[in-house]
Structure formats: C-alpha cells, structure tokens
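Before any comments, here is the structure.
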Amino acid sequence: MNLSLRQAVWLCLALSLCALLAVPGTAPELGGEARLTLAVFALATCAWIAAPVDDTYVALGAGLALTATGVISADTLFSTLGDETIWLLICAFVLAAAVTRTGLAGRAAAFLVSGARTVRQLVHLTTAALVVTAFAVPATSGRAALALPVFLALAQVLAERRRLVVMLALLFPTVVLLSAVATLIGAGAHLITVSLLLERTGERIGFVEWLVLGLPLAVVSSHLAAETVLWTTTRRADRREPVRITVTQLQEHSPAAVSGPLTTAETRCLLLLGTVVALWCSEPLHGVSPAVVALIGAVVASSPALGTVRLKEGLGSVPWPMLLFMAATTAMGVALVDSGAAGWLVGGLPVDGIPAWGFLAAVVVVGTAAHLVLQSRSARSSVLVPLVIAAAVAAGVNPVAAALASTAAAGFCQTLPASAKPVALFAEPPDGVPTFTPGHLLRLSAVLAPLSAALVLCFALFVWPLLGVPVLLEPQP
C-alpha cells in the first residue's frame, strides 16, 4: 500500500509515541494499562486522521485491543452497545424513516418558505424549518438528506438568481450542523458525551435537560449563521430584490404533494411524532425514559395497522456502523480515564491558577478547531471529552459545563467540503444545480468560526449557569 506524505507523517508520529511509551524509564508514574491505552489511542487517532480505513473499523479494532490486553473488560465493551442512549437513537431513526416516507417535511417547508417576500425572510424561515427537523430526524447526515429535495426544489424556482442558489446551498448544511445541539439525538457525539459524563461524574443529562441547555444555543447560533451566510455570499442588490415563491412553483419541482389536505398516513405520522416529542419534553412529569418513549413510538410507526413504514425498512435506515462506532469509542473513553492515562495527560497541563473563563475558552477553541484534524464529530468527542472532564476537575471547573462546551463547539465543522457529511452532500448536488466552492466555505469559516466559538463561550459562562449548570466545580459535602 502506497502512503501519501500526510499519512506517512501521522503514522511515524503514532509509532514514535508507541516506541516512547515502550521505554520503561519514560514517565515512570504511568502504569502498564495506561501505557497500552495511550498507545492504542495514538494509533486510532492517527488512523482516523489519515488512514483510508473506515472510522468504525478503527474504533472496533481499538476497543478489541483494549479488551484483549485487559485494560477494559468484555462487559464494559459490550454493555456500551446496550446503553439507553443507543436505543434512543435506534428508535429515533425508525421514527425518522416513517416521517420521511410520508413527505411531511416537504409540506412543512412549502408552508414556511411560500410566505417569504424578501431574501432575508426566506433565509430565516428556512433556518427555522431546519432547526425544527432536529426533533424529528436524528444525526446531521439524516437531516441533510431529508433537506436536500427541498433545496433542489427551491434551486429550480430560483434558477435565474444564481447567487441566491449558492447561498442556500451553503445555508442548509451550515444550519443543519449548528442546530444539531438542540436535542440529545441531534448527533452521535452528544450521546458519547452524555455516556462519558455519567460514567465519570455520575451526572445524568436526559433529553429534557439537554433540550433546555441546547435549544437556545441552537436557535441563536443558527440564525447568526444564517445572517453570516447571507452577508458573505450575496450582494446588496441580491438582498433588496424581492422573492416570490408559491406552493404551485414548489409542487412543479417536488415529487411529493406539498399542498392540499393531509393524507391519512400523514395525519397519523404527524400525531405520532407530536406525541413522542411532547412525551420527551415532559419527562419530569411522567418519569418515562425517553428511550422507552422512542421505542413505543417506533413500534407504533412500524405497526401493520397504524404505521407508515415496515419495521424491516425502518431498521434498515438505522446507521448501524455509526452506533458500533459510538459504542466502541465510549468504551475507549472509559479506558482512557480508568487506566489513569487521561489524568496523566492533563497532569502536565498548566491548569492550576487558570481562571474558569480562560479554561473554558481554551476548551471551546480546541473543540472548534478539531474538525480540521478529525473529520468525525463522534471521534472528536471520544478523544476530547475524557481529557476535558479530567482537566476540568483539576482546574476546579464543572466538568459538565466543560464537556458541553467542547461538544457544542465541535458542532462547527464546515471549513472544508470534507469536514462534514452534510457539507459534502450539498457541495455536489445532483441535476447540475450551482453550489458553493471551497472559497465560499473558507470565507464563511473565517467569519463564522470565531463568532460561533464566542457564542458557545458566552452560553457556558453566562446562560447555562442560569439554567442549572454552574461554571465552577461545587465542593463535595
């Protein structure tokens, strides 16, 4: 196999670190399990960065290596796949398949954008619609695939206004990525963060708690991004010229009905989805786990009498490689902490004496920039969150606030077409629709990256404490 220069450099770095860890005199305070864990993590991280190997395969290999060497038990490795949050995501994908099959998304989009009379209204109505999809479709790639037909219909209607089409091509994936923080099921990285926090701190963040913390950030960051996209890709003349998008125009370019009375299947699916989301949001009142609610919804959605999708088709829509990846990387995070490797890594950092705002600022900056090295959002969380939790405890910062800030900051990942799957999907849409160039992405990133990082930091310092997540680590009684 021929290695590129980039791959060769990363491989040499990983092997050099492994060789250094193999020398007994190096870091005498490190135990054998910690050395093995660091070596496995170094190889896995370099493989995620540079190797042309599937991320899930690398994660499973790393998990198996840690299990075979006794760093973690087989029960630890396999129990992560049976975690409640994994089941929540599985059932959410079945529900999403039922929603997608009915065509409700196209109806909702047509209802919103047909009311736009200016370019700015079109942008913010589209943004609002994309934020709402975070409650119906899990994972950013699934939401991007659901939104692509809507974009293609709008692109056909606005075909004579090329810059607006390019702007919308950039707007859709940007909002999909930044609004994912609204819900626990918005990204696999969220479930990894929640699992690691529960394992290391005993703090359980449920669907409602994440909603209270994440939804305000998702709304503000999405509309801030919408304005940024609008200003960086269009001219004043483009923004001044009115738009006229009618339901009839959208119907001409949409394969599914976007107007008229709801069908029986659409009505049933809408009622089911509304009930599931309402039960998720009212968990403190009834005490039923979100995973159990999702399982009930998935069973109804795929039932012969009331469902709109067959169970086999619904389960076929579940990205099983992503779930295996999440389970394996969660086990890796547990190994990193339990072996003492995470404590050793952060022990060399000058966290003592750093003010809380400075520590959180560093966490947010690293989380924002990490997508330039690790393209997988879940991989970024599996590598960063265990270290952030350990460093936060050492710095006297609330590990929940630090982990949430790191995960939220990692939602920005649109500097390059390959940085995220939604960006890659809209970078090359079908039917010859004009789209953005790498130059558009770089120009947007130069403005939006610091704005996004500053916004996450402001929420961590000023908003989340008002919602029950203090900045400082509270002393134990």
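The values are calculated or read from the model by the stated rules, or taken from the named source; none is laboratory data. This is a predicted model, so every value here is computed, not measured. As a convention, Cβ positions derive from the backbone with ideal geometry for all residues, glycine included, and neighbour counts pool all protein chains shown. Please note that ligands, DNA and RNA were not included when accessible areas were found on the heavy atoms of the full protein model with its side chains. Shrake-Rupley method; radii C 1.70, N 1.55, O 1.52, S 1.80 Å.
Quick rundown of the values:
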{"item": "Breaking point among (1) at pLDDT 80 or above; (2) part of a loop (DSSP other than H, G, I, E, B); (3) surrounded by 14 or more Cβ atoms within 10 Å (Cβ to Cβ), for A294", "result": "(2)"}
{"item": "Residues satisfying the stated conditions in the stretch 159-191, i.e. open to solvent by 10 Å² or more (accessible area, probe 1.4 Å), over 30 Å from S289 (Cβ atoms) and not β-branched (V, I, T)", "result": "A159, E160, R161, R162, R163"}
{"item": "Selected residue (only one of V365, V334, V388, V346 is touching a residue at least 24 places away in the same chain (Cβ under 8 Å) and touching a Lys or Arg at 6+ places or on another chain (Cβ under 9 Å))", "result": "V334"}
{"item": "E29 being of a type in the set (D, E) and at pLDDT 80 or above", "result": "no"}
{"item": "Tally of residues being open to solvent by 10 Å² or more (accessible area, probe 1.4 Å) and closer than 30 Å to A328 by Cα across the stretch 211-238", "result": "4"}
{"item": "Criterion violated by V300 - all others in (1) at pLDDT 85 or above; (2) within 21 Å of R143 (Cα to Cα); (3) over 23 Å from the mean Cα position of the chain (by Cα) satisfied", "result": "(2)"}
{"item": "Among the residues listed as L95, L112, the single one being touching a helix residue (DSSP H, G or I) at 6+ places or on another chain (Cβ under 7 Å) and open to solvent by 20 Å² or more (accessible area, probe 1.4 Å)", "result": "L112"}
{"item": "Filtered residues of the stretch 418-439 (kept if in contact with a helix residue (DSSP H, G or I) (Cβ under 7 Å, 6 or more places away or on another chain) and either aromatic (F, W, Y) or open to solvent by 40 Å² or more (accessible area, probe 1.4 Å) (or both))", "result": "A418, K421, A424, L425, F426, D431, F436, P438"}
{"item": "Hits in the stretch 458-477 (condition: surrounded by fewer than 20 Cβ atoms within 10 Å (Cβ to Cβ) and small (G, A, S))", "result": "G468"}
{"item": "T118 touching a Pro at 6+ places or on another chain (Cβ under 8 Å) and either surrounded by fewer than 24 Cβ atoms within 10 Å (Cβ to Cβ) or free of Cβ contacts under 8 Å to residues at least 40 places away in the same chain (or both)", "result": "yes"}
{"item": "Of the criteria (1) part of a helix (DSSP H, G or I); (2) buried (at least 24 other Cβ atoms within 10 Å of the Cβ), which one Q414 fails", "result": "(1)"}
{"item": "So V363, is it open to solvent by 10 Å² or more (accessible area, probe 1.4 Å), β-branched (V, I, T), farther than 30 Å from P52 by Cα and modelled with pLDDT of 90 or more", "result": "no"}
{"item": "Residue match in the stretch 336-355 (condition: β-branched (V, I, T), crowded, with 23+ Cβ neighbours inside 10 Å and modelled with pLDDT of 80 or more)", "result": "no"}
{"item": "Selection within the stretch 378-400 - open to solvent by 30 Å² or more (accessible area, probe 1.4 Å) and in contact with a Gly (Cβ under 7 Å, 6 or more places away or on another chain)", "result": "L384"}
{"item": "Any chance G307 is open to solvent by 10 Å² or more (accessible area, probe 1.4 Å), assigned to a helix (DSSP H, G or I) and of a type outside the set (A, V, I, L, M)", "result": "no"}
{"item": "Residue that is modelled with the highest pLDDT, among those in the stretch 131-171 that are within 16 Å of V181 (Cβ to Cβ) and of a type in the set (V, I, T)", "result": "V131"}
{"item": "Any hit, the stretch 442-457, residues being over 19 Å from the mean Cα position of the chain (by Cα), open to solvent by less than 50 Å² (accessible area, probe 1.4 Å), at pLDDT 85 or above and under 17 Å from T174 (Cβ atoms)", "result": "yes"}
{"item": "Inter-residue pairs, beta-carbon under 9 Å, first closer than 21 Å to G411 by Cβ and in the stretch 161-175, second acidic (D, E), 6+ apart", "result": "M167/D238"}
